[in-house]
Each structure stands twice: as C-alpha cells, then as structure tokens.
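Here's the structure, in structure tokens; my notes come after.
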Amino acid sequence: MQNNYLHPIRIAVLADTHNVLLPDVQTILKSCDAAIHAGDVTGEQVMDELRRLTNIYVVRGNNDRDLGYLKKTLRCTIGGVSFLAVHDRRDAGPQISEVQAVIYGHTHRYAHDVIDGRVWLNPGSCGRRRFGGELTMAVITVLEGKILGIEKLTIGKDRV
C-alpha cells in the first residue's frame, strides 16, 4: 500500500489469532488504514473478516495449513515504510537489510526492539489466551517513510 497521504497512517499489527477475531480487535482494525498479520490466522472465515475490515497483509504461520496460498515471508511498503513480515523470527534471514521494520509472531508474547536501527516487533497474540499471557496487538503510526510511534494495545482481560 503506497500512498501520498499528508496525515499519519495507522497500521494494526497482529499475530496468532488462531481462528478468533475478538470484537475489540475488529474495532481496532476498522480504525486503521492497513494491517499486518504475522501468521496463525488458521481459518478462511477469519481471513474473509480481516479483508472486510481493512487493507490486510498476511503471512503463513505454522498452523495455517488450510491457508497454503499465504507466503512464508512478505515484504510490503506502507506509508513509505518498508516492512518484512514472517511468522517465526528465525525466518527473517538476509532480507532484513532492505527493510525498516520486521514484524513476526509465533511466541504469543509482545516484544519490541530496535536492533541496528531496525524495528523488530512481535505484537503478541490477540486470539485465544494461551501460555498464561495477556492478549496484545500493536498499532504503528507512520508518516512519509518514518515510523512516528508504536503503541502496544492490551485486549480486554475478560475475553476468551
């Protein structure tokens, strides 16, 4: 998604929904210009809902057996910022030299680091609560090729 907006662009970042798209997550997706999903969608019905809610970029996770058309890695540019999305961080490989941010999932735990000037972001999991962790996702705000901010969002604790 390339555009010449003069206003900031909001990008929802999520992963590991595991066939669940909670109402709070849907509300956040509707408020964003685009979204990157770092895998483990696990169902076509959720894929259809993601497409309906926003401009979506998705990679295949280890549980996306029925979504074989998804790629294991995906490069995209949104608001002038270059992203690489993978499910497992270990799959990023040498492609990272050409991107400003790497989006990954798999661990179900939120992580945000800047390594060698590059953002590494795992939004955590915002589907079913697993491994005792909180449900999280993120929103990245970009403008004219720069990341202005990354906001961690905790999804309501009374959910799933």
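Of the residues making up region 86-139, those that are assigned to a strand (DSSP E or B) and touching a residue at least 40 places away in the same chain (Cβ under 8 Å) number 11.
May I ask you to list the residues in region 110-151 that are over 19 Å from Leu84 (Cα atoms), surrounded by 15 or more Cβ atoms within 10 Å (Cβ to Cβ) and among the charged types (D, E, K, R)?
Matches in region 110-151: Arg128, Arg129, Glu134.
Residues in region 100-109 that are buried (at least 23 other Cβ atoms within 10 Å of the Cβ) and farther than 13 Å from Ile140 by Cβ: 3 in all. In region 16-29, the residues that are touching a residue at least 60 places away in the same chain (Cβ under 8 Å) form Cβ pairs under 6 Å with partners that are among the hydroxyl-bearing types (Ser, Thr, Tyr), at six or more places apart or across chains, as follows: Asp16/Ser125; His18/Thr42; Asn19/Thr42. Is there a residue being buried (at least 17 other Cβ atoms within 10 Å of the Cβ), over 17 Å from Thr17 (Cα atoms) and of a type outside the set (Asp, Glu) anywhere in region 66-77? There is at least one residue in region 66-77 that is buried (at least 17 other Cβ atoms within 10 Å of the Cβ), over 17 Å from Thr17 (Cα atoms) and of a type outside the set (Asp, Glu). Does Leu148 fit the bill of being more than 15 Å from the chain's Cα centre (by Cα), of a type in the set (A, V, I, L, M, F, W, C) and in a strand (DSSP E or B)? Spelling it out, Leu148 is indeed more than 15 Å from the chain's Cα centre (by Cα), of a type in the set (A, V, I, L, M, F, W, C) and in a strand (DSSP E or B).
Flag not set for Ser82, criterion: free of Cβ contacts under 8 Å to residues at least 12 places away in the same chain and among the polar types (S, T, N, Q).
Yes/no matrix, rows are residues, columns are (1) modelled with pLDDT under 95; (2) in contact with a His (Cβ under 6 Å, 6 or more places away or on another chain); (3) not acidic (Asp, Glu):
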| residue | (1), (2), (3) |
| --- | --- |
| Met1 | yes, no, yes |
| Asn4 | yes, no, yes |
| His7 | yes, no, yes |
| Leu14 | no, yes, yes |
| Thr42 | yes, yes, yes |
| Tyr57 | no, no, yes |
| Ala85 | no, no, yes |
| Ser97 | yes, no, yes |
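In this structure, is Arg60 closer than 28 Å to Asp116 by Cα and either free of Cβ contacts under 8 Å to residues at least 40 places away in the same chain or in a loop (DSSP other than H, G, I, E, B) (or both)? In short, yes.
The values are calculated or read from the model by the stated rules, or taken from the named source; none is laboratory data. Treat the numbers as computed from the prediction; the structure is a model and nothing was measured. With ideal geometry, Cβ positions are generated from the backbone for all residues, glycine too; neighbour counts draw on all protein chains shown.
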